[in-house]
Every structure is written in C-alpha cells, then in structure tokens.
1. Scan (1) more than 8 Å from chain B (Cβ to nearest Cβ); (2) modelled with pLDDT under 90; (3) under 22 Å from B:Cys266 (Cα atoms) for the single condition A:Ala145 breaks and write down its number.
2. Could you list, in sequence order, all residues of region B:241-253 that are modelled with pLDDT of 85 or more and touching a Leu at 6+ places or on another chain (Cβ under 7 Å)?
3. Looking at the structure I just gave you, is B:Gly280 touching a residue at least 12 places away in the same chain (Cβ under 8 Å) and more than 9 Å from chain A (Cβ to nearest Cβ)?
4. Please find, within region A:182-211, the residue that is surrounded by the most Cβ atoms within 10 Å (Cβ to Cβ) out of those that are in contact (Cβ under 8 Å) with a residue 40 or more places away in the chain and among the β-branched types (Val, Ile, Thr).
5. Among the candidates A:Val293, A:Val255, single out the residue that is touching a residue at least 60 places away in the same chain (Cβ under 8 Å), within 7 Å of chain B (Cβ to nearest Cβ) and among the aliphatic types (A, V, I, L, M).
6. Which pairs have Cβ atoms under 7 Å, sit 6 or more apart or on different chains, and link a residue in region A:109-135 that is more than 8 Å from chain B (Cβ to nearest Cβ) to one that is surrounded by 17 or more Cβ atoms within 10 Å (Cβ to Cβ) and of a type in the set (Ser, Thr, Tyr)?
7. For B:Ala295, indicate whether it is within 30 Å of A:Phe157 (Cβ to Cβ), small (Gly, Ala, Ser) and surrounded by 23 or more Cβ atoms within 10 Å (Cβ to Cβ).
8. Test A:Thr156 against the stated conditions and say whether it is at pLDDT below 90 and over 30 Å from A:Tyr247 (Cβ atoms).
Amino acid sequence: MTTTAPAVERSAPTMRASQTDAQGYPTEPRARWVRRAPLVPAFVFMIVVTQLPFVATLVISFFRWSAFRPDDRGFAGFSNYVEVFVDADLRASVLTTIVLTVSVVLLSLVFGLGVALLLNRRFFGRGLVRTMIIAPFLVVPVAAALLFKHAIYNPTFGLINGVLGWFGLEGVDWITQFPLGSIIFQLVWQWTPFMTLILLAGLQSRDHEVLEAAGLDGASSWQMFVFMTLPHMRRYLELAGLLGAIYIVQNFDAVFTITSGSLGTANLPYTIYQTLFTAQNYGLASAQGVLVVIGTIIVSTFALRSVSSLLKEEASR
Amino acid sequence: MTAVAAAPRTRRVRAASAPGRTRESRGTRLGLGLAAWAVGLLFVLPLVWMVLTSFHSETDAASPSPQVFAPLTLEGYRSFFGAESGANPWPTLINSLWAAGVSTLVVILLAVPAAYALSVKPVRKWSDVMFFFLSTKFLPAVAGLMPLYLIAGRLQILDNIWFLLIIYAAMNLPIAVWMLRSFLVDIPPALFEAASLDGAGLMTTLRSIILPIISPGVAATALICFIFAWNEMLFARVLTGVTAGTAPVFLTGFVTSQGQFLAQVCAAATIVSLPVLIAGFAAQDKLVQGLSMGAVK
C-alpha cells in the first residue's frame, strides 16, 4: 500500500485488481466506462445542443430557402456563398466587427491595466472603489446600452450635453455624429471592469520579494514596470484580451440598442440577424453563419494555443 | 541547503520594506489614492445617474439641464409596472427568473460530475474534452441561431421558455465545467485516497467529500451562470414572443423611445439589473475565477 493514486486504485474495494497503464489510466473497457460515465451526460448534451445545429447550418447553406419564396426551394450549390462574397454590406460588416472588437478590447485592456495598477495600491476606501469599478460589468447589457442611448448620449436630455451646457458649451448629437464611437465608448465602459479584475489578479500574483529586492537595488518604478511587471503580466493580458474578444466579437445588444445597426455600425451578428429576420433568407443566413464559423476557427486556433499553454502549465504542476 | 538560501533572502526583504515605503513621497501616495477614487466615481457615475433619474419625475428627467436635486418620486417605477401603459413587466421578469434559475440548476447538475471526470479521476483524453467544451464558446452563437429557430418552428416550441432554457444551459455549461474543474484540482488527492480506502463509492465521494469542499465554488459558478442567462437578449428575442419573452426582451421595447419617458426607462433598467448586481456582488470574491473560466485565481 503506497501513497500514490494509481496504487490506491489498484487496491479498490471491489477486491478485483483492475489494470492501469503507465500513466494510471485504466485499460479495461469496463473501468474506462466507469470513468467516462460522469462525463457522458454533459458531453452528449453539448453535442446535441451546440454541434447538431451547426451541421444543420452547413446543410441549409447549400439550399435555396427563403420564407418569401416557399415554392422555390432546392439545392443551390455554392450560390449562397457567392452571394455572401459579392455582398458589399456583408464585407462592410466584417470590417465593422473587426474595428469594433479590436478597439474595445485594446482600449479596455489599456484602461483596465491603469485601473488595476491604481487598485493594487493601499489607499483609504480601496474595497469600496473596487466595488464601484466592478459595477458597470454587473448591469444587464441591454439596460446599459439603453442608459447610454437615452440618458447619456441624447442630444437634448442627455447627461453629456447637459453637463457641457453648465459650462456654456454646445453639445452634439453623439450617436449621429459618432455612431461607432458611441457604441465603442459604452462597451469600453462595460468591459474595462472585466479586464481590471483579471489584470488585478495578475498584479497580485507578482513575487513581492523580488520586487522589493529590485527596489532596494535601485531600480526605478518605471524600470520595474517595464522589465518585471509587464513580462509577468503578459499571459494575463493575453487571457483578458482573448476572453474579452470572444464576447465582444459576438456583441449584438449594444449595436441593436444604440444604433439598430444603422450608420455603418452593423456588425456580423447584427447582419446575420437581419438576413434571418428581415429578409427571411435561411439559405443565405446559413452561408453567412458558416463563413463566420470558419473565420472564427481560424482566429481561435491561434487563440486556443495561448490558452492551451495555460492549461499545460497547470497540468504539469 | 534551501534553509541557507532562504535565510538571507528574508532578512533582505525585511530590510527593504522600510526604505521601500519611504521612497515614495506622501504626496504621490495621496495623489494616486485620489486618482483611484476619481476613476471609481467616474465609472459608477452613469449608474448613479440611472438610479437618480429613475426616482425623478418625467418632467425633471427630460430637463435639458441635469436636475441633480430634483424631488424624488416613484412615478417612473409606477409607469414601468404598467400604471399607465398597461404593459405589465412581471411575466417577463418571472420568465427571466425561471429561464436563468432552472438553466443554472441544469448546468450545475451536468457540470459537477463532468468536472469530476476531468480532474479527480480523469478520462484519458481529458484535455481534449476540456478544449471541446471551450471551443463551443468560440463559435459565434448567432451562427447556430437560425437552425435552432427553424427546429423550434418545426417542433412548435417557439415562444416556449423550456427551449430557451436548454439553450442557456448549453451556453453556460462550458464555463461551469472549466470553473468547477479549477476548484476540484485544488482538493488534495490524499482526501480521495482516504475515501476510496474507506470504500466510498462515486456518489458518496461526491456527496460527502467533494460537495462540502467546493460548495463555495459551486455557488459562485451558479451565480455567474445565472448572470449570463439573465443578461441574454438575442436568442430570447428571436425564439420567444408574447408568452415566453424575458426581461431583456421587455427592455428592447424602449429602444425606439427617443429619449422620452426617461424616468421610466431608467426605472426599467434599474429593476432588470438589480438581480445581476446582487448576484455579482455576492460572487465578488470568485468573480475573476469565473470570468476567466478558472484560469485566474
């Protein structure tokens, strides 16, 4: 009886020695299924609810199928895909999605790092300030977008122009003048707290002894930030950026609420929603969906690699 | 050897801490503290404005000059709850509670055993399975929306809260599996060895060892899944209608009001956000771990 896990398994109370391989995994089919059993319900559930619809999307994308022309349904080959590629609106929405995602992620990362550095210090009322900063992330996204649209950006009753008016300044119609900027501003307000939380956890995991030693050796705080903090923070920045990007690429609520996709702000989720509901063109919407999935797979293969290094680090612990 | 190496190091730190603190002037410290306060107030300002406006009369709310000290009233809340318009938000709030609550329960029931099979007694390809779960979060949900809409139409379960609830469970399951696994790997293996020596089966181990230890983690996971399900709007808008509409769908009714009924809009936004704010602050300590899917602790 040793203390290693596989050894204990071999002496399982069934009294029948089950076989394990070098890594401690059971080799017997029955024992393997005993291990798999707790996983099966979740796994099957995910396959059925998330994977089968994608297969359906793939199939439908090769068909002519529109609710407005119910008699004209049939195999269409790649014609839906051709239509997607020649569609200028869709190309524009790809660009909008990229601009929206990259700017929101980068801006909230930069602000998030700044806020995290401020919060990482001791000062009076730190817990309260931390709570105040988290709060924007804990507002229902539609509610937050409504708040900004009506109570903050509105040219007549909005807070921004009202405050500008106190100083005798003339405000503008923010949403009409800066449609994409208005969406970005609202999303940065909402996502900076998310980045702050992850980056703050990163800052707190720094080795304080090493930092103090560097301070004693005469390193300036700027040198310490560039040569010690930033390299340490790299994986936290990557992780925060990656997770933020996953959510912001898919953003629908802010675009739908603030501009309803007008004035060049329609991103991919909004465009697919439009194709599906206004045009009721199922074949075309599917082809758009398939291309979005392919695009996402390309981007995420790259992104998954960085997550996988985090997981491997943990596994080797 | 290690003791020898550690000794001078600790002495050095103790020596360093005193000058390290005085190196920074009092002014800098005060200034940065004030800066943190200023940033905090700036972030919370839109929310303070939302709550304040929700307690103002529509006339004060619609004033071009912000009325900070206007008298408070419950007018906005009364009109939100349908005093004038007759539109009653209660069914949508109950639908949201139901969809978020039950889907979270389903997620936890599926995710706890799954996380166990991915950490404590792992299946051989556990990391592949983890990435399968993660990859479903990468796929844009909107691409799966259309077949789900067509399937629901065919099965006549459009505008059915149960269909929405199943989709929410699938959306949150990967997050819950990753998060719960990160709690499970922290349990010392010796505990499981002791349990199996005592002849405890899977269910006993789950009930008497794992659940008590990870129950704070399960609670945090549940709160985060609840928040995501409560917040969801796109699928709810597409797959529901009059009977199964959720609170965010009710909110979209205010999208086109051109800054009118500002107090009512703010009251609506406040009421609908309240459960999320409460859940979020309750899970505050574990929020990072949840939002980073367990990668950051």
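1. For A:Ala145, the exception is condition (2).
2. Answer for region B:241-253, where residues must be modelled with pLDDT of 85 or more and touching a Leu at 6+ places or on another chain (Cβ under 7 Å): B:Ala247, B:Leu251.
3. no
4. Here the answer is A:Thr196.
5. Just a single option satisfies the conditions, and that option is A:Val293.
6. Final answer for the pair search is A:Phe111/A:Thr192; A:Gly112/A:Thr192; A:Gly112/A:Thr196; A:Ala116/A:Thr196.
7. no
8. Answer is yes for this residue.
The values are calculated or read from the model by the stated rules, or taken from the named source; none is laboratory data. This one's a predicted model, so the numbers in the text were calculated from it and none came from an experiment. Every residue, glycine as well, gets a Cβ built from its backbone with ideal geometry; the counts of neighbours run over all protein chains shown.
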